[in-house]
1. Taking both sides together, what accessible area is buried at the B/A interface, probe 1.4 Å, expressed in Å² and rounded to the nearest 100?
2. Would you mind getting the Kirkwood hydrodynamic radius of the stretch B:171-312 from its Cα pairs, rounded to one decimal in Å?
3. For the stretch A:24-41, state which residues have at least 10 Å² less accessible area in the presence of all protein chains than in their chain by itself, taking the probe as 1.4 Å and leaving out ligands, DNA and RNA.
4. How many nm is it between the label spots at B:ALA100 and B:TRP139, if each spot is 7 Å from the Cα in line with the beta carbon?
5. Can you pull the percent of Cα pairs in the stretch B:204-283 with separation above 20 Å?
6. Counting alpha carbon pairs within less than 8 Å and at least 6 residues apart, what relative contact order, in whole percent, applies to the stretch B:171-312?
7. Return, for the Cα atoms of the protein assembly as shown, the radius of gyration and Dmax in Å, separated by a comma.
8. Rounded to a whole number of µm²/s, how large is the Stokes-Einstein D of the stretch B:15-168 at 25 °C and 0.890 mPa s, given Rh as the Kirkwood radius over C-alpha pairs?
Amino acid sequence: MTIRAEHEIHTRRRGRNLGIGLMLGGFVLLVMVLTYVKITNIDFNDLPGGAVQTQESS
Amino acid sequence: MTDTSTTHSGEYEAQLGDYFALLKPRVMQLVVFTALVGMLAAPTSVHPVVAFASILFVAIGAGASGALNMWWDADIDAIMRRTANRPIPSGRVQPGEALAIGVALSGLSVMMLGLAANLLAAGMLLFTILFYAVFYSMWLKRLTPQNIVIGGAAGAFPPVIGWIIATGSFSVEAWLMFALIFMWTPPHFWALALFMRNDYDDAKVPMLTVTHGRRSTRRHILAYTVLLVILAIGTGFTSIGGPIYLTAAVVLNVLFLIGAIRIWKRDEDDSEADNFLIERKFFRLSLWYLFLHFGAILAEATLRPYGFGGWS
């Protein structure tokens, strides 16, 4: 059986849950953007064997 | 009228704002600002996204240490007027919740700073959290009247972390910014202790006012201010200083020194007569003092690429 009556506390909890949800969403978005920036700005010569690969390709 | 945030059992249900208050937002502001200045004053540029994420994780780490401090100090916070309304002593947040939030956010912030910036910055953030939450809160604060002096280091690390985020290493300039906050902290808190009067006595926290008396505290404020003045003006001649910083530093340090001398000259009767007006003014000035010194360092760093900042 579900509780149908909406109590004021439910509205308050919804506000709190929404706030936490938005923060988690923001965190996921930040990690995505950070990953994109890290990958696109990486200097492959700094990786192990990176300099060797560059010499071979040139 | 009923309290709208209580459950049917009458227990208060914490709101998001109560959890946020655990993180000491005002301290976080100072941490964010000084860490940002440390990062921007460094000679290496940082990608804006990396910079934003790094400063955010430093702020979360600072907040986490604040939550751990509130969890540990809930008993004395309940006694002191200044802190009695904090989330735990006022019953809005349970101690276990504060501990869980503090530990979880500490782990998250250190791990994420390591991924966003570098491992040295993450290590320094972890050290800062442990220094504040364990070394200062759990040990020093209730043990020695030098609690503020040594514990002040915790608040002084953020510009060093900011510098490491940008450069990946330590430097003299980063430690100068550290020293500025480190030397500023004792006069700032001792002025507060003078006009908060019985708070620390009641809570049995061995502040200098309690252990060595108020006359000695006034002498200590002056002594630390003299050392701070030398350091702050001397910093003006280093690579993070420049004409803007030096001008600001001279004006601010003259005002600060005058304030410290006035506090030193007064006795308790003078202070009681005007409800600690001079001490309160000195405390307010100390907030502007730090903000404007770091603001001047930021101005030098920002103008440097255009040929205005610094001495060159």
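1. Values: alone 14350 and 5770 Å², together 18550 Å².
What B and A bury together is about 1600 Å².
2. Details: mean 1/r = 0.0627 Å⁻¹.
Taking the inverse mean of 1/r over all distinct Cα pairs, the stretch B:171-312 comes out at 15.9 Å.
3. By number: A:PHE27, A:LEU30, A:VAL31, A:VAL33, A:LEU34, A:VAL37, A:LYS38, A:ASN41.
4. Rounded to a tenth, the inter-label distance reads 2.9 nm.
5. Values: 1350 of 3160 pairs.
For the stretch B:204-283, the fraction of Cα-Cα distances above 20 Å is 43 percent.
6. Details: 151 pairs, mean separation 42.1, N = 142.
So the answer I get is 30 percent.
7. Considering the protein assembly as shown through its Cα atoms, Rg and Dmax are 23.6, 83 Å.
8. Numbers: Rh = 15.6 Å.
My calculation gives 158 µm²/s for D.
The values are calculated or read from the model by the stated rules, or taken from the named source; none is laboratory data. As the structure is a computational prediction, the values presented were derived from the model and not from experiment. Counting neighbours? That spans all protein chains shown, and the Cβs are built from the backbone with ideal geometry, glycine included. We work out accessible area using only protein heavy atoms, side chains counted, and drop any ligands, DNA or RNA first. Shrake-Rupley method; radii C 1.70, N 1.55, O 1.52, S 1.80 Å.
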